[in-house]
Structures are given as structure tokens and as C-alpha cells.
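J.: Next up is a structure, given as C-alpha cells.
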Amino acid sequence: MAELTPTEVHDIERANETGRPVVVFVHGLWLLSSSWDRWRSLFEEAGYASIAPGWPDDPAGVAEARAHPDVFARKRVGRVTEHHLAAIAQLRVRPAVVGHSFGGLIAQRIAGTGASAATVAIDPAPFRGVLALPLSSLRSAAAVLSNPANVRRAVTLTFEQFRYGWANALSEQEARSLYEEHHVAAPGAPLFQAAAANLNPFTEVEVDVHHPRRGPLLLISGEEDATVPWAITRASYSRQKRNRGLTEIVEVPGRGHSLTIDSGWREVAQTALDFVSTHLPSATRGDPEAHGTHR
């Protein structure tokens, strides 16, 4: 497992020093942790501290990531989960965890260890036991799964692939803007892991849905998501609702897989914030430090 970066250590120390409740953000494939910057500001303005660890060995920014795409190759779900658990272990409080796509899967894996106080999984990648397999999801994943050699590679989406899987609910202008601002290469391995999860009894793509300290969980689905359609999120909910903790599911109308980074991000972020605020109350709003902004 890669060590925490100086930036990650700094963010953890900063979060601990505030004495506030902490929210941990987990990004998915084809994004970097900077994709959470606006969310972090919103949550910090509401009285939380936040951290957003990258995946192990992630480049510092989009320009560097595009210059060195091969650094993303071979990263697997287990290693990424352990990296985030290592960051959480350095916090003084049990945090809320918010994840998107494969980050949503990892957020549920973290919840399944009892390490999170509340969890929000947004358009989460499926785990073992989730059997729904819509055609649009297969078509979206084909960008990686169509070539077995991609299991060892980093894969960059073409704009057309990004438009179909991520930005199908957006105008072409906004889709191109998001592609230029956020899109980076991603490891192919996690998609192969997810595709084989129901055939592999030793898969890392597994969630302990019965853990007694899993805590409250909210699943959010974009109505128009072609990558993780409602059927997959609903199937994940069906597995998770067996837990004795609260499990809720919300569908956001007219939104695709880009719902955390596109122009409608605030609606989704507010839904997540309302859930976290209910189950992990924020710092006193009268505290001047509770209105800090992520930099």
C-alpha cells in the first residue's frame, strides 16, 4: 500500500485540529480528488472538516495526470480501500464517508468495516451479490472490458465514450467542458474485478452488508445514468437494506453519471449534506471557524 502523501497528511492534521466532525470524500475512476473541491467547500461552510484522499500514486493535478497516464495502471479495489482506511485511521473521530462511482463502492466497503459514522454512495459501482446488468452499463464498460489487456493498463476515454457514459444528460458544450476540466486516465483493473465479482468467491469487490456498526447509508442514483443505472443502485440497496442500520435510496431526476461534477452538482451535494447533517451533526454554526472554505 502506498503511503499517505504530504498533502493527505496535511489535510488530516488540519481536520483533526479543527475539532469538527469530518467528512471523507472518495473519488472514482477517471477523476482526481480535486473533483470534490466544491463539495468540500460546501460541507466546510456547513461546519465540517473534510479530507479527500487520492487513490495510491495519483498525480497532483489533471495536467500531470495527462502527461503521465501510465501511473494509473494496475490499481485495484482492495489497495484503494486500504489507502482510504489508512487515512481514516489517522482521524481523531469516526467520519462520514461520501463516494461516487467506484468511490461509492469503496465508501460502502469502508462502511462495512464499521469505520464510518454515516455513508453516502452516489451512483456506486456494483459489488458481489448485485446481479443487475443493464445494457447501457455493459456498453459503457466496453471501453475497458472489450480488450482483456486493459486489466493491466490505464485507459483514457474518448470524448464520445465520456459523453455516453458520463455526460449523456448534458449539452455537448457542457460535456466537452467537463471532459477538458476533469477527465484523466483510469486503471482498467477495477472494472474487470467488478465484472468477475459474482464468479470469484475471493473477490475484493465485496461489501460486508451485515456489519453491526455499518451505520446510516444513503444511496443516490442519477435517473439518466448510463454507467450505473437505477437497476444497479436499486439492487445494491436491496442488499444493503438487510443491515439493521438505516438504509435509504434517492433518485435524482434528469441526471447522469456526471452528477457530482456538472452544473447541477449542488443539488446532489445538498442531498448528501442533509443526510450527513441528520446522522452526524456539524459543528456549531456560530463558531467562526465553521465557515472556513477548502483551499
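Nothing in this text is a laboratory measurement; each read-out follows from the coordinates by a stated rule. The structure presented is a predicted model; accordingly, all values stated were derived computationally and were not measured. FYI the Cβ positions are ideal-geometry reconstructions off the backbone, even for glycines, and counts take in every protein chain you see.
J.: Of all residues in region 1-15, count the ones that are out of contact with any strand residue (DSSP E or B) (no Cβ under 8 Å at 6 or more places or on another chain) and in contact (Cβ under 8 Å) with a residue 12 or more places away in the chain. Write out each step before concluding.
T.: To start, the set of residues in region 1-15 that are out of contact with any strand residue (DSSP E or B) (no Cβ under 8 Å at 6 or more places or on another chain) comprises 1-7, 9-10, 13.
Narrowing further to those that are in contact (Cβ under 8 Å) with a residue 12 or more places away in the chain: 1-2, 4-5, 7, 9.
Count: 6.
J.: Something else now. Exactly one condition in (1) crowded, with 17+ Cβ neighbours inside 10 Å; (2) closer than 25 Å to PRO53 by Cα; (3) over 19 Å from the mean Cα position of the chain (by Cα) is not met by VAL155; state its number.
T.: With (1) crowded, with 17+ Cβ neighbours inside 10 Å; (2) closer than 25 Å to PRO53 by Cα; (3) over 19 Å from the mean Cα position of the chain (by Cα) applied to VAL155, the lone miss is (3).
J.: Continuing with the same structure: So in region 49-79, with the set limited to residues that are under 22 Å from GLU13 (Cβ atoms) and aliphatic (A, V, I, L, M), which one is surrounded by the fewest Cβ atoms within 10 Å (Cβ to Cβ)?
T.: Per the criteria, the residue is ALA60.
J.: Also, I was wondering about something else. If only one of ALA169, ALA185, ALA143 is crowded, with 20+ Cβ neighbours inside 10 Å and under 21 Å from GLU64 (Cα atoms), which one is it?
T.: Values: ALA169 fails: under 21 Å from GLU64 (Cα atoms); ALA143 fails: under 21 Å from GLU64 (Cα atoms).
Testing whether each residue is crowded, with 20+ Cβ neighbours inside 10 Å and under 21 Å from GLU64 (Cα atoms) leaves just ALA185.
J.: Taking region 123-148 on its own, how many of its residues are in contact with an Asp or Glu (Cβ under 8 Å, 6 or more places away or on another chain) and in a helix (DSSP H, G or I)?
T.: Number of matching residues: 0.
J.: Got a number for residues in region 6-48 being surrounded by fewer than 16 Cβ atoms within 10 Å (Cβ to Cβ) and either in contact with a Leu (Cβ under 6 Å, 6 or more places away or on another chain) or β-branched (Val, Ile, Thr) (or both)?
T.: Number of matching residues: 2.
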